[in-house]
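Participant: So that we are looking at the same thing, I have put the structure below in structure tokens.
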Amino acid sequence: MTSSTNVSCFHEARRVAIFGGTHGNEMSGVTLVNLWIQNGKEIHRKGVETKPFITNPRAVEKCTRYVDTDLNRAFTTENLSAPSGDDLPYEVQRAQQINEIFGPKGSPEAYDVIFDLHNTTSNMGCTLILESSKDHFNLQMMHYIKKAIAPDSCPVLLTEHPLLKYSTSRSVAKHPIGLEVGPQPQGVLRSNIFESMRVVLKHALDFIELFNEGLEFPPCTVDVFRVSEKMDYPRDTNGNIIAMVHPNLQDCDWEPLNPGDPMFQTFDGTTLRYEGAGTVYPTFINEAAYYEKQQAFVTTRRETLAAGAIKKT
Amino acid sequence: MRKKMKQALEQMEPVSLPALSRVAICGGTHGNEMSGVYLVRELQRQKLEKAGSATLTTVISNPRAVQVCKRYTDMDLNRCFTDAILSSPVTVATPYEVRRAQELNTLLGPKGKLGAVDLVCDLHNTTANMGLSLISYSVQDWVIMHIYRQVQRKITSAPVRFILLDLPLADVYSQDSLGKHGFSIEVGPQPHGVVRADIFNLMKEAVDQTLDWVQCFNSGSAFEGGEVDDVYTFVKSVYYPRDPETNQITAAIHPQVQDRDFCLLHPGDPMFLMFSGEIVKYEGEEVLHPFFVNECAYYEKSIAFHLARKMTVTIPPLQVKRD
């Protein structure tokens, strides 16, 4: 039983943005946002301003991840507070513009919620990305979404980590949510991936509408995968990769990787094994964009987070 | 009597052809198709220079595109090997890939001439679910057809098919046309910019079987004639539906066609699922087979997939010509 003193109150979520094209070749988000810019009926909810927005139009036009630098790493304090100018990399200029429209990051004027739509070449299904373990509003939303799409699953990746956390476009909002859907090649639009992203967003917006109408959400728990360690490909002295993700690990996002399990296969057929201390849950396995970031996959550990009851103020 | 006639029709006259003394394996013709890039590098690392009596040349065809992990820098290298482009004068404005095609023609060709290498094998990946496909421009090159038969017989981990792009040699635009005999190995599905171990291993198997066949052929093995099936001839392309005003694509390839390369497409079958929910159906009259379904590189040409007719080809017994 919940007593009213144990309920966290949040303001109504009145301003919600949906970002597509943060990476210009991740087609589900680009397509959905363009569709909704033309006709926003599907994303309309009573009492909410839902703003679809293409964050990196130049990259979208060239169907490339970015033009100068990764927009989804560009929202650092340093970049956002730098004096503006044409000499700045395109994506840094863009980050400053986005911060002005949807932020300022960390201030009371910032947008309430931003959904950032992404695709991955990894077999991650419909992953929700959570940046803070203390965001009870987001935890409750993710709990709601997971229940709504059951028996299909929606893993939650918690990126809260002193070193591995990165400054995303969505981090401008009070409640940032990443949607990472795969597997889909860059530059390709798959119908099934497109439709699953669409359904997850529908449930997310339904949650916001219910919350704004005054519904109280009781305490709940959410199973998450917390990022642990970045694993690079084995490389030679020139920095070239000398092995590929092993066939036994390929496509096995969210499945246990135990010490001794195959991890990489060299080009001449040798198996290299995982030598960590215990079982981990790898994800972002063989993401195309991460070869240049020295990442073959990232390990995670399972955790259960508790969210208190919430309702609107 | 009938059985004998049928056998006579099926058994063509034996053919003897010159040995294949120079073989080229090309990777990175498209700089983001990674299996070929890594396979060629691995062959170079192992210093593989011979396949039995044949000399082996390994080439990264488009090094600039490989460097930036893109399909091409100025234009698609694998469209630059027509006679017309190969003989066009080079100016300051000539795209990089045209210059490179002419360099490759000097290295591996000249196309259509006696000095050309005997066999060119060009390595590609596709985002389409095409398994292992051998692609060439003729079904009467008996060397290529026998290689196909061996690869199809020996490889069981994925479906193996042959695709014919029927064009006169002068108009063949792909790199494999530089050699006296040539074909492409196309393996998918793999996202561009990614190397998957299962796809790499499959491509390596196909290359190994090819080189194995070449060695057997050169050392005098007799290959019996017969029929090869799962041969698909290109008929036409199907384009994405677009909004007449905004020119934006308005549909995704329907889930019943997506990942179902080489399955049957009947008149009335769904082809596209509009974002609005409507279905666009196939309205042709002939039952055909889609392939290159949802290949990333074809969006810029607005091509959703190609359609092919399936056929069986009879091939003659083949042996190396003894001098």
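Participant: Give the stretch A:103-146 a look and list any residue that's on the phi < 0 side of the Ramachandran plot and in a strand (DSSP E or B), or say none. It would help to see each step written out before you state the result.
Facilitator: In the first step, residues of the stretch A:103-146 are kept if they are on the phi < 0 side of the Ramachandran plot; the result is A:103-105, A:107-124, A:126-146.
Listed by number, the residues that qualify are A:VAL113, A:ILE114, A:PHE115, A:ASP116, A:LEU117, A:HIS118, A:ASN119, A:CYS126, A:THR127, A:LEU128, A:ILE129, A:LEU130.
Participant: Can you pull out every residue in the stretch B:266-311 that is farther than 29 Å from B:TYR137 by Cβ, open to solvent by less than 20 Å² (accessible area, probe 1.4 Å) and assigned to a loop (DSSP other than H, G, I, E, B)?
Facilitator: Scanning the stretch B:266-311 gives a single hit, B:PHE275.
Participant: Here's a follow-up. Considering only the stretch B:242-265, how many residues are of a type in the set (Asp, Glu) and loosely packed, with under 14 Cβ neighbours inside 10 Å? I'd like the intermediate steps shown before the answer.
Facilitator: Within the stretch B:242-265, the first condition is being of a type in the set (Asp, Glu), and the residues that meet it are B:243, B:245, B:259, B:261.
Cutting the leftovers down to loosely packed, with under 14 Cβ neighbours inside 10 Å gives us B:243, B:245.
Counting residues in the stretch B:242-265 that are of a type in the set (Asp, Glu) and loosely packed, with under 14 Cβ neighbours inside 10 Å gives 2.
Participant: Could you please give the count of residues in the stretch A:256-275 that are touching a Leu at 6+ places or on another chain (Cβ under 9 Å) and either of a type in the set (Asp, Glu) or modelled with pLDDT under 95 (or both)?
Facilitator: Qualifying residue count for the region: 1.
Participant: Another one. Can you tell me which residue within the stretch B:261-276, out of those that are of a type outside the set (A, V, I, L, M, F, W, C) and within 12 Å of chain A (Cβ to nearest Cβ), is farthest from A:PHE194 (Cα to Cα)? Full working, then the answer.
Facilitator: Of the stretch B:261-276, the ones of a type outside the set (A, V, I, L, M, F, W, C) are B:261, B:266-270, B:276.
If we keep only those that are within 12 Å of chain A (Cβ to nearest Cβ) too, we end up with B:270, B:276.
Numbers: B:PRO270: 18, B:SER276: 12 Å.
So, considering only residues that are of a type outside the set (A, V, I, L, M, F, W, C) and within 12 Å of chain A (Cβ to nearest Cβ), the one farthest from A:PHE194 (Cα to Cα) is B:PRO270.
Participant: Going by the structure shown, is A:GLY187 surrounded by fewer than 20 Cβ atoms within 10 Å (Cβ to Cβ) and small (Gly, Ala, Ser)? Walk me through how you get there before you give the answer.
Facilitator: Values: surrounded by fewer than 20 Cβ atoms within 10 Å (Cβ to Cβ): no; small (Gly, Ala, Ser): yes.
No: the conditions fail for A:GLY187.
Participant: Quick one: in the stretch A:235-255, which of the residues that are more than 10 Å from every other protein chain (Cβ to nearest Cβ) and open to solvent by less than 60 Å² (accessible area, probe 1.4 Å) is modelled with the lowest pLDDT? Spell out how you get there, then give the answer.
Facilitator: Of the residues in the stretch A:235-255, the ones more than 10 Å from every other protein chain (Cβ to nearest Cβ) are A:235, A:237-239, A:252-255.
Remaining after also requiring open to solvent by less than 60 Å² (accessible area, probe 1.4 Å): A:239, A:252-254.
Details: A:GLY239: 93, A:CYS252: 98, A:ASP253: 98, A:TRP254: 98.
Checking each candidate, the answer is A:GLY239.
Participant: Inspect all residues belonging to the stretch B:26-35 and state whether any of them is more than 22 Å from B:ASN125 (Cα to Cα) and either open to solvent by less than 40 Å² (accessible area, probe 1.4 Å) or touching a helix residue (DSSP H, G or I) at 6+ places or on another chain (Cβ under 9 Å) (or both). It would help to see each step written out before you state the result.
Facilitator: So in the stretch B:26-35, the residues more than 22 Å from B:ASN125 (Cα to Cα) come out as none.
No - not one qualifying residue is present in the stretch B:26-35.
Participant: Spot the failing condition for B:ASP208; the list is (1) under 30 Å from B:PRO14 (Cα atoms); (2) in contact with a His (Cβ under 6 Å, 6 or more places away or on another chain), and only one is missed.
Facilitator: (2)
Matching residues to (1) within 14 Å of chain A (Cβ to nearest Cβ); (2) closer than 21 Å to B:GLY31 by Cα; (3) touching a helix residue (DSSP H, G or I) at 6+ places or on another chain (Cβ under 8 Å):
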site: B:HIS146; (1), (2), (3): no, no, yes
site: B:ASP166; (1), (2), (3): no, no, no
site: B:LEU169; (1), (2), (3): no, no, yes
site: B:GLU186; (1), (2), (3): no, yes, no
site: B:GLN190; (1), (2), (3): yes, yes, yes
site: B:LYS204; (1), (2), (3): yes, yes, yes
site: B:VAL207; (1), (2), (3): yes, yes, yes
site: B:LEU211; (1), (2), (3): no, no, no
site: B:THR246; (1), (2), (3): yes, no, yes
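Participant: Given the residues A:LYS46, A:LYS62, which is the only one that is surrounded by fewer than 19 Cβ atoms within 10 Å (Cβ to Cβ) and under 24 Å from A:ALA289 (Cα atoms)? Even if it seems obvious, please write down each step before you answer.
Facilitator: Details: A:LYS46 fails: under 24 Å from A:ALA289 (Cα atoms).
After ruling out the rest, the residue left standing is A:LYS62.
Participant: Among the listed residues B:LYS310, B:LYS281, identify the single one that is among the charged types (D, E, K, R), touching a Gly at 6+ places or on another chain (Cβ under 7 Å) and at pLDDT 95 or above. Reasoning before the result, please.
Facilitator: On the way: B:LYS310 fails: touching a Gly at 6+ places or on another chain (Cβ under 7 Å).
From the options B:LYS310, B:LYS281, the qualifying one is B:LYS281.
Participant: Please find, among A:ARG226, A:ARG198, the residue that is open to solvent by 30 Å² or more (accessible area, probe 1.4 Å) and within 14 Å of another protein chain (Cβ to nearest Cβ). Let's see the steps before the verdict.
Facilitator: Working: A:ARG226 fails: within 14 Å of another protein chain (Cβ to nearest Cβ).
The unique qualifying residue is A:ARG198.
Participant: What is the one condition in (1) open to solvent by 30 Å² or more (accessible area, probe 1.4 Å); (2) away from chain B (no Cβ under 14 Å); (3) touching a strand residue (DSSP E or B) at 6+ places or on another chain (Cβ under 6 Å) that A:ASP232 does not satisfy?
Facilitator: Here A:ASP232 clears every test but (3).
Participant: Restricting to the stretch A:129-144, count the residues that are among the aromatic types (Phe, Trp, Tyr) and either open to solvent by 10 Å² or more (accessible area, probe 1.4 Å) or without any contact (Cβ under 8 Å) to a residue 24 or more places away in the chain (or both). Give the derivation first.
Facilitator: The first filter runs over the stretch A:129-144 and keeps only residues among the aromatic types (Phe, Trp, Tyr), leaving A:137, A:144.
From what is left, the residues that are either open to solvent by 10 Å² or more (accessible area, probe 1.4 Å) or without any contact (Cβ under 8 Å) to a residue 24 or more places away in the chain (or both) are A:144.
Adding up the residues that qualify gives 1.
Participant: Yes or no: B:ILE279 aliphatic (A, V, I, L, M), within 14 Å of chain A (Cβ to nearest Cβ) and at negative phi?
Facilitator: Numbers: aliphatic (A, V, I, L, M): yes; within 14 Å of chain A (Cβ to nearest Cβ): yes; at negative phi: yes.
Yes; evaluated as a whole, the condition is true for this residue.
Participant: Does the stretch B:225-241 include one or more residues that are within 27 Å of A:PRO185 (Cβ to Cβ), at pLDDT 95 or above, open to solvent by 40 Å² or more (accessible area, probe 1.4 Å) and β-branched (Val, Ile, Thr)?
Facilitator: Yes, some residue in the stretch B:225-241 is within 27 Å of A:PRO185 (Cβ to Cβ), at pLDDT 95 or above, open to solvent by 40 Å² or more (accessible area, probe 1.4 Å) and β-branched (Val, Ile, Thr).
Participant: Open to solvent by 40 Å² or more (accessible area, probe 1.4 Å), away from chain B (no Cβ under 11 Å) and either touching a Cys at 6+ places or on another chain (Cβ under 7 Å) or not aromatic (Phe, Trp, Tyr) (or both): is that true of A:THR270 in this structure? Write out each step before concluding.
Facilitator: On the way: open to solvent by 40 Å² or more (accessible area, probe 1.4 Å): yes; away from chain B (no Cβ under 11 Å): yes; either touching a Cys at 6+ places or on another chain (Cβ under 7 Å) or not aromatic (Phe, Trp, Tyr) (or both): yes.
Yes, satisfied.
Participant: Moving on. Just need a number here: residues in the stretch B:61-97 that are of a type outside the set (Asp, Glu) and surrounded by fewer than 19 Cβ atoms within 10 Å (Cβ to Cβ). Don't jump to the end; show me each part of the working.
Facilitator: First, the residues of the stretch B:61-97 that are of a type outside the set (Asp, Glu): B:61-73, B:75, B:77-82, B:84-96.
Of the ones still in play, those that are also surrounded by fewer than 19 Cβ atoms within 10 Å (Cβ to Cβ) are B:63-64, B:67-70, B:73, B:75, B:79, B:84-85, B:87-96.
Looking only at that region, the number is 21.
Participant: Right, next: Anything in the stretch A:92-104 that is crowded, with 20+ Cβ neighbours inside 10 Å and charged (D, E, K, R)? List them, or say none.
Facilitator: Within the stretch A:92-104, A:ARG94 is the sole residue that qualifies.
Participant: Tell me, yes or no, whether the stretch A:145-162 has at least one residue that is more than 14 Å from every other protein chain (Cβ to nearest Cβ), under 30 Å from A:GLU61 (Cα atoms) and either among the hydrophobic types (A, V, I, L, M, F, W, C) or open to solvent by 40 Å² or more (accessible area, probe 1.4 Å) (or both). Break it down into steps so the answer makes sense when it comes.
Facilitator: First, pick out the residues of the stretch A:145-162 that are more than 14 Å from every other protein chain (Cβ to nearest Cβ): A:145-162.
Going one step further and asking which of them are under 30 Å from A:GLU61 (Cα atoms), we end up with A:157, A:159.
This time we only want the ones that are either among the hydrophobic types (A, V, I, L, M, F, W, C) or open to solvent by 40 Å² or more (accessible area, probe 1.4 Å) (or both), so: A:157.
So far as the stretch A:145-162 goes, yes, one or more of its residues are more than 14 Å from every other protein chain (Cβ to nearest Cβ), under 30 Å from A:GLU61 (Cα atoms) and either among the hydrophobic types (A, V, I, L, M, F, W, C) or open to solvent by 40 Å² or more (accessible area, probe 1.4 Å) (or both).
Participant: Filter the stretch B:213-224 down to residues that are surrounded by fewer than 21 Cβ atoms within 10 Å (Cβ to Cβ) and part of a helix (DSSP H, G or I) and give me whichever is farthest from the other protein chains (Cβ to nearest Cβ). Spell out the reasoning first.
Facilitator: Filtering the stretch B:213-224 down to residues surrounded by fewer than 21 Cβ atoms within 10 Å (Cβ to Cβ) leaves B:215-216, B:218-222, B:224.
With the extra rule that they be part of a helix (DSSP H, G or I), the set shrinks to B:215-216, B:218.
Details: B:GLN215: 20, B:CYS216: 23, B:ASN218: 25 Å.
The residue in question is B:ASN218.
Participant: Another one. Among the listed residues A:LEU205, A:LEU272, identify the single one that is more than 24 Å from the chain's Cα centre (by Cα) and either part of a loop (DSSP other than H, G, I, E, B) or not polar (S, T, N, Q) (or both).
Facilitator: Of the residues listed, the single one that is more than 24 Å from the chain's Cα centre (by Cα) and either part of a loop (DSSP other than H, G, I, E, B) or not polar (S, T, N, Q) (or both) is A:LEU272.
A quick yes/no check of all residues on (1) part of a loop (DSSP other than H, G, I, E, B); (2) surrounded by 23 or more Cβ atoms within 10 Å (Cβ to Cβ); (3) among the β-branched types (Val, Ile, Thr); (4) in contact (Cβ under 8 Å) with a residue 40 or more places away in the chain:
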residue	(1), (2), (3), (4)
B:LEU123	no, yes, no, yes
B:ASN129	yes, no, no, yes
B:LEU134	no, yes, no, yes
B:SER138	yes, no, no, no
B:GLN152	no, no, no, yes
B:SER157	yes, no, no, yes
B:ARG161	no, yes, no, yes
B:ILE185	no, yes, yes, yes
B:LYS204	no, no, no, yes
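The values are calculated or read from the model by the stated rules, or taken from the named source; none is laboratory data. It should be emphasised that the depicted structure is a prediction, and the values quoted were computed from it without experimental measurement. Positions of Cβ are generated from backbone atoms using ideal geometry, with glycine treated the same way; all protein chains shown enter the neighbour counts. Calculation scope for accessible area: heavy atoms of the full protein, side chains included, ligands and nucleic acids excluded. Shrake-Rupley method; radii C 1.70, N 1.55, O 1.52, S 1.80 Å.
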